[in-house]
Structures are given as C-alpha cells and as structure tokens.
Amino acid sequence: MKRLSHALLLLLFCIIGCDFFEEEIVDVYSTGNLINQWELIKYEQGFAESLQWEKGDNTATWTFASNGILTVEINPLMSFFPLQSEGTYTFEVQDDSLFIGEKGYYHIIQNDTLIIYDKVEVDGPKATFVKE
C-alpha cells in the first residue's frame, strides 16, 4: 500500500511538472513577449573580443511592434552594425526562430533579456538585449 501511494505521488508530480515545463516553452517563444523596445548590451562573434555596454548607453535599440515591423536605431558613434543596419524590417516568429526580412536567427527570451543568435558554434553572431 505504501508503494502504491508513493507511485501515485510520483506520477502526480510528473504530470504537474510536465505541464509547467510545456507552458514555459510556449511562453518563451511567443511573439507577445518579443513586442517591446530592446537595447543592445552585448555583441559576440566568433573569436573576436566581446563588446559590452551598460544599459542606458543607447548603442542600438530594436523595437518590435505588434504589426510585425522591427525598427532598428543605431547610435551614430557605433563603428559597426550588429546583425541589421538601421531601418525598418518585417519580422516573424516560428518556434525558436526569428525571421527578420528573409534572414533567420534563433532567439530566446529570459525575463527581461532577449538573445538573438545564429550558428555561434561556427563564428556566428550572438546579440544580447535588455528591455528598455
């Protein structure tokens, strides 16, 4: 009898745990979480030195709007254009993929942090943003 109650308790924990985990994944990749203004705080690519800024340095701002438009604004003092140059682009989210125009990236949102990356294992870019 004791074994049966332990087995039922374990089964209950597994069911509750699995439901919670699946909700987290769906929430992380939803377009709704992306709709916001994001400020670039870190850029990495391959073996090059990582570039980091403090929140509020106004390096680059990406604004994702609910109409599927991304507006990229870059501080004129920056010497490069991480991922996209300044302008407006269409975007679409499909699972963990973020398509900006025709170019696809991977993305993840954790709390107030957005990470956009592409093939980092072969020197691809990785940009980290925080909500403004």
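Somewhere in the range 33-49, is a residue of a type in the set (K, R), surrounded by fewer than 17 Cβ atoms within 10 Å (Cβ to Cβ) and either modelled with pLDDT of 85 or more or part of a helix (DSSP H, G or I) (or both)? No: the range 33-49 contains no residue that is of a type in the set (K, R), surrounded by fewer than 17 Cβ atoms within 10 Å (Cβ to Cβ) and either modelled with pLDDT of 85 or more or part of a helix (DSSP H, G or I) (or both).
A single member of Y106, Y117 is in contact with a Ser or Thr (Cβ under 7 Å, 6 or more places away or on another chain) and of a type in the set (F, W, Y), and it is Y106. More than 22 Å from F99 (Cβ to Cβ) and out of contact with any strand residue (DSSP E or B) (no Cβ under 9 Å at 6 or more places or on another chain), is that true of L77? Yes.
Could you check the range 107-132 and list, in sequence order, the residues that are in contact with a Leu (Cβ under 9 Å, 6 or more places away or on another chain) and outside any loop (DSSP other than H, G, I, E, B)? Matches in the range 107-132: H107, I108, I109, L114, I116, P125, A127, T128, F129, V130, K131. Conditions first: (1) free of Cβ contacts under 8 Å to residues at least 40 places away in the same chain; (2) closer than 18 Å to I35 by Cβ; (3) out of contact with any Asp or Glu (no Cβ under 7 Å at 6 or more places or on another chain). L114 passes all but one, so which condition is the exception? Just one mismatch for L114, condition (1).
Among the residues of the range 73-106, the ones that are of a type in the set (A, V, I, L, M, F, W, C), within 22 Å of G46 (Cβ to Cβ) and either free of Cβ contacts under 8 Å to residues at least 24 places away in the same chain or not in a strand (DSSP E or B) (or both) come to 5 in all.
Selection over the range 90-104 of residues that are hydroxyl-bearing (S, T, Y) and either over 14 Å from I116 (Cβ atoms) or modelled with pLDDT of 95 or more (or both) gives a count of 1.
The values are calculated or read from the model by the stated rules, or taken from the named source; none is laboratory data. Since the structure is predicted, the reported quantities are computational estimates derived from the model, not experimental observations. FYI the Cβ positions are ideal-geometry reconstructions off the backbone, even for glycines, and counts take in every protein chain you see.
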